[in-house]
Amino acid sequence: MPHAPMPEFPTGFRWGVSTSAYQIEGAADTDGRGPSIWDTFAATPGRIADGSSGAVACDHYHRYAEDTALMAGLGVTAYRFSVSWPRVLPTGAGAVNASGLDFYDRLVDGLLANGIDPVATLFHWDLPQPIEDAGGWLNRDTAYRFAEYADLVAAHLGDRVKLWITLNEPFIHMSLGYGTGEHAPGRTLLFDSFPVAHHQLLGHGLAVGALRARSGSPVAIANNYSPVRPMGDSPADHAAAAAYEALHNRLFTDPLLGRGYPELGFDQDVVRDGDLDVIAAPLDVLGVNYYNPTGVRAPEADSPLPFALVPLEGYPRTAFDWPVAPDGLRELLGWLRDRYGPDLPPIQITESGCAYDDEPDAQGRVSDPDRIAYLDGHLRAVHAAIADGVDVTGYFVWSLLDNWEWAEGFTKRFGLVHVDFPTGRRTPKSSYAWLREMIATAGPDPLR
Ligand code: FCB
């Protein structure tokens, strides 16, 4: 497929791929790992589209060396993975599982040996089940347990991890996990889930302190953002769009950058004196996960929510039915710059990617031109944002491998590398070859 040459990215720009533990590792009952909320959720009939679980997933726990070789072949300079809290602390707190830590030692050492920076996310949604049994993120204690866990991981890997990410998408974990129940732990509290926001952010702030004490490496959080588009001109439509923007884009950013919580009409009784200072601990990098913009209009009169979400027309769509909107990424990055000004840390795009129904042809090749077009468009959007003056220092593709996509099970393929789930066989797709070429030509990196 013909594309104009990609403009060059700044020297030192970080090229990466992202994954998360529960989606790829498998080995759910191996070497002392404890249960997570996703094991429980996936075992509940009707929760996962194809009835599957992450018990085996991509078996990355056993195939990590092969996967590291795939990354080395791609030419990425960084790998964003997540540490499984229940693998290193099977009951969530207290007794440490040394075998679990050993796995991450092997992984990190293998990455470094291949010239790939390890970027570790500490919480990518797989809460230890015993922590959930004690109230999960509704319970303030979970923030303290999270900081202890961060301290443990940093004590072991702090000399080798090059960038820490505390939480992955606390907004999605709150809204789908505790608000609407589509994700684990499957609660349906709607706006009563605000304590989950606050306790995650408090846990983040406490973890930043623990990481700084143990490691000289920079610290980030990875937030999900979606530029909001009012789908009507009435004041009610604009008010609905503003409410959604506060919830999705500001709730997890304003307090991090010292602005306190946006006005959302929540009961904020759980916020104690001093919490906002902990949460506003300085960040070195803001991780931006971007998939699509959101169309919003005024809700129906009997709606429990102050907004209604409406599909955006006029864009191609992925197999997830998400609009392919690279313009939204440039718009989002400009919004962050305009809103937060000098308080905004440098940004790395910590997730960007798409699902398509990729399958091998008769020769075993997997051609995914739609993903190539997607990545091409989104990289150009990042480049344009840099030219607009936004400090973007890296881009991680979601994902290296086809993997277990939460409530969608194995039905959504996001990988640069195809995985045949019954056998675990990996086949790089045509997007892998495209990205390799792109990194080699558009991304001079003095480190390589
Ligand atoms: C993000 C998640 C990631 C993956 C992608 C498709 O919201 O962080 O684990 O599921 O969506």
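The values are calculated or read from the model by the stated rules, or taken from the named source; none is laboratory data. Just so we're clear, the structure is a prediction, and the values are computed from it rather than from any experiment. Here the Cβ positions follow ideal geometry from the backbone for every residue, glycine too, while neighbour counts run over all protein chains shown. We work out accessible area using only protein heavy atoms, side chains counted, and drop any ligands, DNA or RNA first. Shrake-Rupley method; radii C 1.70, N 1.55, O 1.52, S 1.80 Å.
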For segment 213-233, does any single residue satisfy the condition of being closer than 30 Å to Ala147 by Cβ, charged (D, E, K, R) and open to solvent by 10 Å² or more (accessible area, probe 1.4 Å)? yes
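Each row is one residue, and each column tells you yes or no for (1) open to solvent by 10 Å² or more (accessible area, probe 1.4 Å); (2) in contact with a helix residue (DSSP H, G or I) (Cβ under 9 Å, 6 or more places away or on another chain); (3) at positive phi; (4) more than 12 Å from the ligand (Cβ to nearest atom).
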residue	(1), (2), (3), (4)
Pro369	yes, yes, no, yes
Ile372	yes, yes, no, yes
Ala387	yes, no, no, yes
Phe396	no, no, no, no
Asn403	no, yes, no, no
Leu416	no, yes, no, yes
Do we have Arg145 as part of a helix (DSSP H, G or I), crowded, with 19+ Cβ neighbours inside 10 Å and basic (Lys, Arg) here? yes
Which numbered condition trips up Leu163, out of (1) farther than 19 Å from Leu107 by Cα; (2) buried (at least 20 other Cβ atoms within 10 Å of the Cβ); (3) out of contact with any Lys or Arg (no Cβ under 7 Å at 6 or more places or on another chain)? (1)
Among (1) part of a helix (DSSP H, G or I); (2) more than 16 Å from the ligand (Cβ to nearest atom) - the single one Val56 does not satisfy: (1)
Quick one: in segment 107-127, which of the residues that are open to solvent by 20 Å² or more (accessible area, probe 1.4 Å) and aliphatic (A, V, I, L, M) is farthest from the ligand (Cβ to nearest atom)? Ala113
Tyr356 vs (1) open to solvent by less than 10 Å² (accessible area, probe 1.4 Å); (2) within 13 Å of the ligand (Cβ to nearest atom); (3) not in a helix (DSSP H, G or I): all pass except (1)
Filtered residues of segment 82-93 (kept if among the small types (Gly, Ala, Ser) and within 19 Å of the chain's Cα centre (by Cα)): Ser82, Ser84
Qualifying positions in segment 326-353 - within 16 Å of the ligand (Cβ to nearest atom) and over 20 Å from Val17 (Cα atoms): Gly328, Leu332
Exactly one condition in (1) within 28 Å of Asp391 (Cβ to Cβ); (2) without any contact (Cβ under 8 Å) to a residue 60 or more places away in the chain; (3) small (Gly, Ala, Ser) is not met by Gly274; state its number. (1)
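Residue-by-condition table, conditions (1) in contact (Cβ under 8 Å) with a residue 40 or more places away in the chain; (2) over 19 Å from the mean Cα position of the chain (by Cα); (3) under 23 Å from Ile439 (Cβ atoms):
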site	(1), (2), (3)
Thr77	yes, no, yes
Ala95	no, yes, no
Leu101	yes, yes, no
Asp105	yes, yes, no
Val119	yes, no, yes
Where Pro130 falls short, out of the listed (1) at negative phi; (2) open to solvent by 10 Å² or more (accessible area, probe 1.4 Å); (3) not in a helix (DSSP H, G or I): (3)
For segment 108-127, what are the residues that are at negative phi and touching a helix residue (DSSP H, G or I) at 6+ places or on another chain (Cβ under 7 Å)? Val108, Gly110, Leu111, Asn114, Ile116, Pro118, Ala120, Leu122, Phe123, His124, Asp126, Leu127
Run Thr294 past the list (1) away from the ligand (no atom under 16 Å from the Cβ); (2) surrounded by 20 or more Cβ atoms within 10 Å (Cβ to Cβ) and report the number of the one that doesn't hold. (1)
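For every residue, the table says whether it meets (1) without any contact (Cβ under 8 Å) to a residue 60 or more places away in the chain; (2) within 16 Å of the ligand (Cβ to nearest atom).
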{"position": "Ala4", "(1), (2)": "yes, no"}
{"position": "Glu8", "(1), (2)": "no, no"}
{"position": "Phe13", "(1), (2)": "no, no"}
{"position": "Tyr22", "(1), (2)": "no, yes"}
{"position": "Ala27", "(1), (2)": "yes, no"}
{"position": "Arg33", "(1), (2)": "no, no"}
{"position": "Ile37", "(1), (2)": "no, yes"}
{"position": "Gly51", "(1), (2)": "no, no"}
Can you find, within segment 170-185, the residue that is least open to solvent (accessible area, probe 1.4 Å) among those that are out of contact with any Gly (no Cβ under 9 Å at 6 or more places or on another chain) and of a type in the set (Ser, Thr, Tyr)? Ser175
Restricting attention to segment 297-311, the residues that are open to solvent by 80 Å² or more (accessible area, probe 1.4 Å) and free of Cβ contacts under 8 Å to residues at least 40 places away in the same chain number exactly 4
